[in-house]
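Shown next, in structure tokens, is the structure this report addresses.
The values are calculated or read from the model by the stated rules, or taken from the named source; none is laboratory data. Please read all numbers here as calculations on a predicted model, not as lab measurements. For neighbour counting, all protein chains shown are included, and Cβ atoms are generated from backbone atoms with ideal geometry for every residue, glycine included. We work out accessible area using only protein heavy atoms, side chains counted, and drop any ligands, DNA or RNA first. Shrake-Rupley method; radii C 1.70, N 1.55, O 1.52, S 1.80 Å.
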Amino acid sequence: GDSVTQMEGPVTLSEEAFLTINCTYTATGYPSLFWYVQYPGEGLQLLLKATKADDKGSNKGFEATYRKETTSFHLEKGSVQVSDSAVYFCALIRGGSQGNLIFGKGTKLSVKP
Amino acid sequence: GAVVSQHPSRVICKSGTSVKIECRSLDFQATTMFWYRQFPKQSLMLMATSNEGSKATYEQGVEKDKFLINHASLTLSTLTVTSAHPEDSSFYICSASRGQDTEAFFGQGTRLTVV
């Protein structure tokens, strides 16, 4: 069945460092792909998404490109801030509703000043 | 974005008792709500999908008589864990959507501990 694999955490970076969180998927067809972020004590928030191959999703300085050749959707940011400390989840839509998602295990990011 | 509130955020209950978790959409009408469960160091797994006014659709392997879901209004869905056991201890999180092809918004989750 469909699945999402993302890099194990935790990831600890210094402020202004470059961030990459790897995400690969297994799916039938080309499902929409998502990155969600969960800040401490809050619910998951949609960070960005891409609905077809070669699409680039971007938001708040984060980017991810839907690459069907490598079945990947890696999350990147050029210069992280302390406020980016959170857990990041990669997900794909299972079918039908955008609420029907398959998630990766999540990657905890800690950014130190 | 829309706001989804989940209550309680943490609950501890004794084995054999039942516990109810509420999921509310505060500023929009949610025709569809989703319930997920997350074990430690695991992915969020979809448990069930509920549409307002109809029975929930449960994922394979989820006991519908144990995890009762009610979606009686467009702003409220509840998950009741019946006859709870320690193995039911987990993080439960809901999401709500206005419709089939619209973004789903997540609550902050409920940490359930059964002792």
Please count how many residues of region B:72-92 are open to solvent by less than 30 Å² (accessible area, probe 1.4 Å) and either over 16 Å from B:ILE12 (Cα atoms) or in contact with a helix residue (DSSP H, G or I) (Cβ under 7 Å, 6 or more places away or on another chain) (or both).
3
Do we have any residue at all in region A:83-99 that's open to solvent by 60 Å² or more (accessible area, probe 1.4 Å), closer than 22 Å to A:PHE18 by Cα and either within 11 Å of the chain's Cα centre (by Cα) or modelled with pLDDT of 95 or more (or both)?
yes
Give all pairs with beta carbons closer than 6 Å in which a residue from region B:40-55 that is facing another protein chain (nearest Cβ under 10 Å) meets a residue that is aromatic (Phe, Trp, Tyr); count only pairs at least 6 apart in sequence or on separate chains.
B:SER43/A:PHE103; B:LEU44/A:PHE103; B:LEU44/B:TYR36; B:LEU46/B:TYR36; B:THR49/B:PHE34
Any residue at all in region A:1-9 that's over 30 Å from B:PRO8 (Cα atoms), at pLDDT below 95, open to solvent by 30 Å² or more (accessible area, probe 1.4 Å) and of a type in the set (A, V, I, L, M, F, W, C)?
yes
Single unsatisfied condition, A:VAL4 versus (1) within 20 Å of A:ARG94 (Cβ to Cβ); (2) within 12 Å of another protein chain (Cβ to nearest Cβ); (3) out of contact with any Leu (no Cβ under 7 Å at 6 or more places or on another chain); (4) not acidic (Asp, Glu):
(3)
Filter result for A:GLY41 (buried (at least 21 other Cβ atoms within 10 Å of the Cβ) and part of a loop (DSSP other than H, G, I, E, B)):
no
Reported set for region B:71-110 where residues are among the polar types (S, T, N, Q), within 14 Å of another protein chain (Cβ to nearest Cβ) and on the phi > 0 side of the Ramachandran plot is none
